[in-house]
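The structure appears below as structure tokens.
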Amino acid sequence: MNTAAVSASQFKPIEECDPRAFDLDAALARGKPLVIRGLVRDWPIVQLSLQSDTAFAQRLAQLDSGVDVTTLMLAPEVDGIIGYTSDLSDFNYQHFKVPVTWGLARLAKYSQREHAPGLVIQSVPLRECLPGLLTDHTLPFLDPRIEPRLWMGNRTITPTHFDSQHNIACVVCGTRRFTLFPPDQLPNLYVGPLDFAPTGAAISLARLDRPDDPRYPRLKLALATAQVAELHEGDAIYIPPLWWHHVESREQLNALVNYWWNAVGVPGYHTGHARAALFHCLLAFRALPPAERAAWRNLLDYYVFGDENPAAHIPESRRGVLGPFTAELVEELKQRARQNL
């Protein structure tokens with residue numbers, strides 16, 4: 001039984017909208033999370049899950065391509081929380097590659113046990129495992145090249161983490177509780193190692209259901225900013241990049257389909273460049289004396305993070321890497337980065 005559930009009543013609710021009123025461009029410009037109730041309620045697989053877990057699972061088994069997918073197994077004593085061993089020397093799960101149907105059969109078996117192991121199928125492209133869902137399970141306002149991914153399991157928790165891309169997550173079976181924090185709460189969330197993280201995403205080491213843990217005294221400051229929503233079959237949530245989110249799967253069978261994308265429509269660019277820049281910045285600036293770090297911070301604020309055009313006074317023909325962000329410029333910046341490294 002999962003004992004790490006977070007109470008929704010103590011937090012501010014995430015803003016909601018009707019799917020008929022949802023405007024993707026407006027949501028991106030707003031830059032805040034948004035719950036879209038009933039966005040995918042008409043999806044055939046959602047209609048089956050509203051009938052029963054059995055109907056949902058049987059349909060997935062029929063469509064299973066048989067390919068092996070990333071699957072995590074957690075011992076009952078870890079409360080379903082994906083993370084580390086107590087000394088952070090290893091992760092607290094075992095990693096397998098098995099077909100979706102195998103995972104469904106194991107989930108059915110675990111549903112009969114009071115203290116069952118946790119099982120999570122992680123971030124699998126639908127085109128690989130369930131290609132039959134692609135035709136009639138779409139979000140028409142998204143670019144069709146954006147790839148949907150499957151997440152499925154039992155009562156488990158993905159601790160507070162962030163993604164570098166825009167995200168729309170659609171609950172297709174069960175119930176999930178999302179607890180979100182603004183990007184500026186990073187200092188209060190006690191994030192673990194950047195280069196040794198469960199499933200690749202750096203996570204908070206603080207449990208939200210233990211606000212008085214003396215190891216994490218600033219967690220209460222983060223909790224004061226938290227926003228929460230409980231999503232049921234057919235509901236969806238938009239999560240902007242770098243918003244911290246903690247996700248609880250609350251039923252014996254839960255499934256979610258999500259879409260990640262970046263808003264920079266320039267060929268050759270992807271959000272991995274930003275993650276790479278973080279490590280490059282650690283290399284370039286962290287060891288410098290305080291005065292030098294401050295000077296470089298000023299330089300970055302001016303050329304990268306400022307709202308004004310730093311090349312406005314330079315003739316267009318001479319703006320070079322400060323010119324319009326094109327595919328050609330992306331390649332030039334990559335080349336210059338490689339040369340300097």
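Taking only the range 44-68 into account, find how many residues are surrounded by fewer than 20 Cβ atoms within 10 Å (Cβ to Cβ) and more than 19 Å from Ser123 (Cβ to Cβ).
Going through the range 44-68 one residue at a time, the tally reaches 11.
Taking Thr71, is it crowded, with 20+ Cβ neighbours inside 10 Å and either under 18 Å from Ala255 (Cβ atoms) or touching a Ser or Thr at 6+ places or on another chain (Cβ under 9 Å) (or both)?
yes
From the residues in the range 106-115 that are under 19 Å from His95 (Cα atoms) and in contact (Cβ under 8 Å) with a residue 60 or more places away in the chain, which one is nearest to the chain's Cα centre (by Cα)?
Among those that are under 19 Å from His95 (Cα atoms) and in contact (Cβ under 8 Å) with a residue 60 or more places away in the chain, it is Leu107.
Filter the range 198-207 down to the residues that are out of contact with any Leu (no Cβ under 7 Å at 6 or more places or on another chain) and modelled with pLDDT of 95 or more and list them by number.
Result: Ile203, Leu205, Arg207.
Got a number for residues in the range 203-227 being crowded, with 19+ Cβ neighbours inside 10 Å, without any contact (Cβ under 8 Å) to a residue 60 or more places away in the chain and small (Gly, Ala, Ser)?
3
A quick yes/no check of all residues on (1) closer than 30 Å to Gly103 by Cα; (2) polar (S, T, N, Q):
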| site | (1), (2) |
| --- | --- |
| Thr175 | yes, yes |
| Ala197 | yes, no |
| Ala202 | yes, no |
| Asp212 | no, no |
| Asp235 | yes, no |
| Asn262 | no, yes |
| His270 | no, no |
| Ala277 | no, no |
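Quick one: what pairs do we get from the range 231-251, first residue closer than 17 Å to Thr156 by Cβ and in a loop (DSSP other than H, G, I, E, B), second at pLDDT 95 or above and hydroxyl-bearing (Ser, Thr, Tyr), C-beta under 9 Å, 6+ apart or different chains?
Final answer for the pair search is Arg250/Thr175; Glu251/Thr175.
The values are calculated or read from the model by the stated rules, or taken from the named source; none is laboratory data. Computed from a predicted structure; not experimentally measured. Here Cβ is always computed from backbone atoms with ideal geometry, including for glycine, and neighbour counts include all displayed protein chains.
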